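The values are calculated or read from the model by the stated rules, or taken from the named source; none is laboratory data. Owing to the predicted nature of the structure, the values given are computational and were not obtained by experimental measurement. Quick reminder, even Gly has a Cβ in these numbers, built from the backbone with ideal geometry, and neighbours come from all protein chains shown.
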Amino acid sequence: MCDQTFVAATFGPCESCGKASPLMNIYIKTEAINYCSFCVEMMACKGLQEGETVASLKKESESLKKKLDEERGKLSDIELNQVAEKVEVLGPLCIKTRRVLKGHGNKVLCMDWCKDKRRLVSSSQDGKVIVWDAFTLNKEHAVSLPCTWVLTCAYAPSGCAVACGGLDNKCSVFPLSLDKNENLSAKKKSVAMHTNYVSGCTFTSSDMQLLTSSGDGTCALWDVESGQLLQSFHGHTADVLSLDLAPSETGNTFVSGGCDKKANVWDMRSGQNVQSFETHESDINCVNLNYYCQLNPFVSGLCCCMFTGAPQCRFYDLRADREVAIYQKDSIIFGASTVDFSLSGRLLFAGYNDYTINLWDTLKGTRVSVLFGHENRVSRVRVSPDGTALCSASWDNTLRVMSWSTMSNILFYTQRKGCCILRLFSL
Amino acid sequence: CELIYVGDCGSAGRPSMRGSPFQFRLEAIVVEMQDSKSGVKCSEQKLNISTIPHVITGVDVLTWITNKMKTTPEEVQAFGTMLVAYGYIYPLQNHKKLVMCNNTSLYRFQTPYFWPTQNWVAEDSDYGTVCQMGWWVTIRTGVGTLFGSGTHYSHLHDWMNHKWDFIVMQATEQYKAGKERKKPDRVVFDCQERAYWIVNRPPVSNMFYQQAIMRSKVKSSVSLGALAKYVTTYKNHDPFLAPCLPSNPWQTDNDTYWTCNTRRVDVPTKMRVERWSFSLFELLSDLRGRDDFKTFLKKEFSGENLAFWEAAEELKWGTGSSMTSKAETIFKTFLAPGAPRWINIDGRTMGLTVKGLEHPHRYVLEAAQTHVFLLMKKDTFFRYLKSPVYKDIQKKAINPDPHNFSPAQLEQNAQSRSLGIHPIILWQQEEEEKAKAAAASAPVDVKAMMSKIDRNK
């Protein structure tokens, strides 16, 4: 079983401090030990041991890195483009904007879909959080937060609450109501407290737990009802900019990306960093997990995509523990800041700082299409829960909902920056 | 006085500052901050059991900076954090978080001895001294054993042989001075040194590489092959690659696609039923599919596995306060000897789970839940797919005809978009259904029933 989260978490007395808590199973020079997350951190920060010098540790670090690359190399028996040769090519894809949601007074920083596939919540720099029924364009609720720059928002799985946070270092939950005139701020519940800005938040499988990432370099899991910190995740050495929950059978994994150029995969139960990917480009702005499952009942796995301030999106295979594809084009100069997969995982939507959304074929590595329309950088793209639409939030104060157009006989026409592509559509 | 940017804000990294032209201006400001009359307010503070002198709070520092620099709160916060990141001010409470907190967090000014501009490279010999000191302090030996033996000592000796005399001399001085210092000063000095080392010698830990090497990995051909298979399997279910039936609501403004795929629809669509066959995860994630699976399990009299799995999920994702009562109910219903819905798991797992339930926590049922899930995945799920229950629903499932709206009809659709049912109402309905189901499946209290019959007689 290669899915890390199927390893049942051990719970018991820590081998170092003796306290009973969820244990991390880690290896020290191939010897397995069970420590609680606090002792692991203490150990990681300990000074030099006997016989160690900074130079010797650096040498050991280099040799371990080389060994890791060797191990990974042994298993790279095939490349993604070879596997993709057998897959059929995608036809031309015409995607049309179906709704433009206007109402925010400033840059829209984040959005999230409701599980009912039509509602969404969005937050903006002017401190407002708006709940929309995107299908009818109705604004159902609007909350004004005392702090501007609401960097993140999330819709609860039940559809009964929203969470939002940002520069106030907190993440609060607002229960929604059927009464449109009700003042939601009165029922606000402060859940997460960080020592720096909150960059991302998401509910887990229920309304009762909230996962947040913060500029203080940590992620944390909170109990919504009591506001108690259930687990904190240390491992990033700089601000954590985004996080994404894995839709796996156990629901125990999530990934976070930060300014230290790393994407870390975490086990929610013990706080253990189970996997880590490094790039050598600039910060990681967004990470996204897509789940894939082989029909063989004994194997399941995860793929992760992340990207950097540089104009590249990287695709990682978590099970093989390696980078398998880079999505880039010479004509793309600006960095991407948000990414999401379509339902099957075949399409990757990436929002860029040059106001466009690029569509990539994840298997073939080619760009399928470019979506224009926004008048400022795209801050967030999200595919709806049933995959029927894509919503993009932008610094031009609007959100756009787009979906596939089934009309055939499509010609493309657009003029942009001197190059001319033909595009025509009717539906 | 304009703000001096000494580095890239927004990163908790520690850019090097040595030789920077700004550092002297920065230091002038830090000196100003310590002025007894016009500087930052400082006081004595109790930390654990000792009283520390000359302590400042984060909010006071930031207020002083605001008054001095007359700039925006964001700039002030950034500047304050830079002072901590570079080591001019160090936190007394949270050593590892090098930020200036705008609250009553306690800080102290770092002694000039440790300022970055002193231009000494944090040398290994100093580190050795610190280690030596640390070793002495932790094993609490008296002056008599200053040159005591021990493997740690001899290793250090070998490692830094060439500087050994210097180190011993330094360490002796520090040790003597340490003993002479009053307790609060020692605590302070300890904090200062620790703070200095956190700024200048980030911990070198190869632990994580070790974990990465030991972690089990899979061949690319296997996992990439699985990825390609998944993508191909779901292609017809992806609304960006294949048309929705009857139509994509966003395209035609008609929401039939959503109404015929609701949670409690009587007859599901063919596509939906097909998706249930992809994996147990898909079947259970779609609550309508889970219902169908439950129907099958009822016929087989083996519903307790799924019921246990559902109860374990509720425990995992529920509120902290409800955990103990849920754990108790689960034990009584599924795990206790002679329980009404006893699950059949191996002895070892049962033993671990029961023991863990003595001090219930969120993940106490993980091992048992995984065991049960794998059982369902490898065996029950495939029997379900071959069963008459599934074949029946496959036959009954409908395939809606694709819509073919004229432009006039599309106009009309756009004018009259359906409001659907609000998720809050749906959730309330679901809660009611759950309560009804729980009541219906509760074990019958035979005594109460018998006494009721007696009373009626």
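One residue stands out in region A:185-238 among those that are outside any strand (DSSP E or B) and among the acidic types (D, E): the one that is farthest from A:D168 (Cα to Cα), namely A:D207. The residue that is nearest to A:M42 (Cα to Cα), among those in region B:210-235 that are touching a Cys at 6+ places or on another chain (Cβ under 7 Å) and modelled with pLDDT under 85, is B:S216. Taking the listed residues B:F301, B:F296, B:F334, the one that is within 26 Å of B:A440 (Cβ to Cβ) and in contact (Cβ under 8 Å) with a residue 60 or more places away in the chain is B:F296, with no other qualifying. Among the residues that make up region A:184-197, is at least one of them of a type in the set (A, V, I, L, M), within 15 Å of A:P146 (Cβ to Cβ) and away from chain B (no Cβ under 14 Å)? Taking every residue of region A:184-197 in turn, at least one turns out to be of a type in the set (A, V, I, L, M), within 15 Å of A:P146 (Cβ to Cβ) and away from chain B (no Cβ under 14 Å).
Taken over region A:251-266, the criterion of being crowded, with 23+ Cβ neighbours inside 10 Å and either facing chain B (nearest Cβ under 10 Å) or free of Cβ contacts under 8 Å to residues at least 24 places away in the same chain (or both) is satisfied by A:N252, A:G258, A:C259, A:N264.
Here is a check on your reading of the model: is B:T57 surrounded by 17 or more Cβ atoms within 10 Å (Cβ to Cβ), at negative phi, away from every other protein chain (no Cβ under 14 Å) and modelled with pLDDT of 85 or more? It is true that B:T57 is surrounded by 17 or more Cβ atoms within 10 Å (Cβ to Cβ), at negative phi, away from every other protein chain (no Cβ under 14 Å) and modelled with pLDDT of 85 or more.
With respect to A:S282, determine if the residue is modelled with pLDDT under 75 and more than 8 Å from chain B (Cβ to nearest Cβ). Yes. Report yes if A:S63 is out of contact with any Ser or Thr (no Cβ under 8 Å at 6 or more places or on another chain), more than 10 Å from every other protein chain (Cβ to nearest Cβ) and of a type outside the set (K, R), otherwise no. For A:S63, the condition - out of contact with any Ser or Thr (no Cβ under 8 Å at 6 or more places or on another chain), more than 10 Å from every other protein chain (Cβ to nearest Cβ) and of a type outside the set (K, R) - is not met. Exactly one residue out of A:L243, A:L302 is at pLDDT below 75, of a type in the set (A, V, I, L, M, F, W, C) and buried (at least 23 other Cβ atoms within 10 Å of the Cβ): that is A:L302. Hey, among the residues in region A:345-361 that are touching a residue at least 24 places away in the same chain (Cβ under 8 Å) and among the polar types (S, T, N, Q), which one's farthest from the other protein chains (Cβ to nearest Cβ)? Out of the qualifying residues, it is A:N353. Can we say A:K139 is basic (K, R), without any contact (Cβ under 8 Å) to a residue 60 or more places away in the chain and in a loop (DSSP other than H, G, I, E, B)? When the stated conditions are applied, A:K139 does not pass them.
Exactly one residue among A:V173, A:V150 is assigned to a loop (DSSP other than H, G, I, E, B) and crowded, with 23+ Cβ neighbours inside 10 Å, and that residue is A:V150. A:K117 - would you say it is at pLDDT 85 or above and facing chain B (nearest Cβ under 9 Å)? Taking the combined requirement at face value, the residue satisfies it. Taking the stated definitions as given, is B:N94 closer than 30 Å to A:S214 by Cα, at pLDDT 80 or above and polar (S, T, N, Q)? No: the conditions fail for B:N94.
For every residue, the table says whether it meets (1) assigned to a helix (DSSP H, G or I); (2) at pLDDT below 90; (3) among the acidic types (D, E); (4) crowded, with 20+ Cβ neighbours inside 10 Å.
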site: B:I198; (1), (2), (3), (4): yes, yes, no, no
site: B:F208; (1), (2), (3), (4): yes, yes, no, no
site: B:P246; (1), (2), (3), (4): no, no, no, no
site: B:Q251; (1), (2), (3), (4): yes, no, no, yes
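Looking at the structure I just gave you, is A:V100 touching a strand residue (DSSP E or B) at 6+ places or on another chain (Cβ under 9 Å), surrounded by fewer than 16 Cβ atoms within 10 Å (Cβ to Cβ) and either of a type outside the set (S, T, Y) or facing chain B (nearest Cβ under 8 Å) (or both)? Taking the combined requirement at face value, the residue satisfies it. With respect to being crowded, with 18+ Cβ neighbours inside 10 Å, outside any helix (DSSP H, G or I) and among the charged types (D, E, K, R), B:R341 falls outside the description. Output the residue which, of all residues in region B:360-387 that are out of contact with any Phe, Trp or Tyr (no Cβ under 9 Å at 6 or more places or on another chain) and surrounded by fewer than 16 Cβ atoms within 10 Å (Cβ to Cβ), is farthest from the other protein chains (Cβ to nearest Cβ). Across region B:360-387, the extreme among qualifying residues is B:K386.
Can you say whether B:T349 is touching a His at 6+ places or on another chain (Cβ under 6 Å) and assigned to a helix (DSSP H, G or I), as far as the supplied structure shows? So B:T349 passes the test.
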